[in-house]
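Report on the following structure.
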Amino acid sequence: MVHADKYAAISQVSELLFEQGERGQLALRDVLETLNQSDLVGLLCESLAQIHALHKQYGQHGIDQELFSRPFEDVLSVTARTANCLKAEGIRWLGDVVRQNQVALLKTPNLGKKSLRELTDELERHGLQLGMKLVGWKRPTEGSH
C-alpha cells in the first residue's frame, strides 16, 4: 500500500505530467524512467481511480448521468403536442427519450415527422441523439422528482 507521503509525491508527479504534457515540454518516457516500480504502480492506481470516478459521473457519452434522470420537459423545449405524445407512451425522463429510436417514435399516435424533427433538433442542441445506449442508467421512480 502507498503511504501518505508517497501518495502525495505520486500526485505531484501526476500533476506535473499533466501540466508539462499539455505544454508538450515533457516526454512521458522521461517521467516514467524516473519512477521506481512502486511509484509507477501508485501512479497508475491513482489514474485508474480518477478515470473510474469520471466515468461514473459522466458515463460513456461524456454527459453527466444525472441529466438523464430529469423530466424531459425540464431539459428539452418541445411543443405541448410532442410532450403529450411522449407522456402518453409512458416516456417521462430524458433517459427514456434518448433510448427511443425514430421508427418506434413514428409509431406513436399523433407524433409525426414534424414532431420527430422537433425532438431530434432539440436533442442535438444538447449534444444528445435518439438511440443512445445508457449503460447503468436506472429509470427514476415517478415520485422522485
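Beta carbons closer than 7 Å, at least 6 apart along the sequence or on distinct chains, pair a first residue in region 92-107 that is more than 12 Å from K133 (Cβ to Cβ) with a second that is surrounded by fewer than 18 Cβ atoms within 10 Å (Cβ to Cβ) and of a type in the set (K, R) for W93/R70; W93/R139; L94/R70; D96/R139. Of all the criteria given as (1) at pLDDT below 95; (2) assigned by TED's automatic domain parsing to the domain that holds V135; (3) small (G, A, S), the one not satisfied by A88 is (1). Residues in region 77-127 that are within 23 Å of P140 (Cα to Cα), hydrophobic (A, V, I, L, M, F, W, C) and part of a helix (DSSP H, G or I): A80, A83, C85, L86, A88, L94, V97, V98, A104, L105, L119, L123.
Evaluating A83 against the criteria (1) at negative phi; (2) in contact (Cβ under 8 Å) with a residue 60 or more places away in the chain; (3) of a type in the set (G, A, S) leaves one unmet condition, (2).
The values are calculated or read from the model by the stated rules, or taken from the named source; none is laboratory data. Predicted model only: the values in this text are computed from it and were never measured. Positions of Cβ are backbone-derived with ideal geometry, glycine not excepted, and every protein chain shown enters the neighbour counts.
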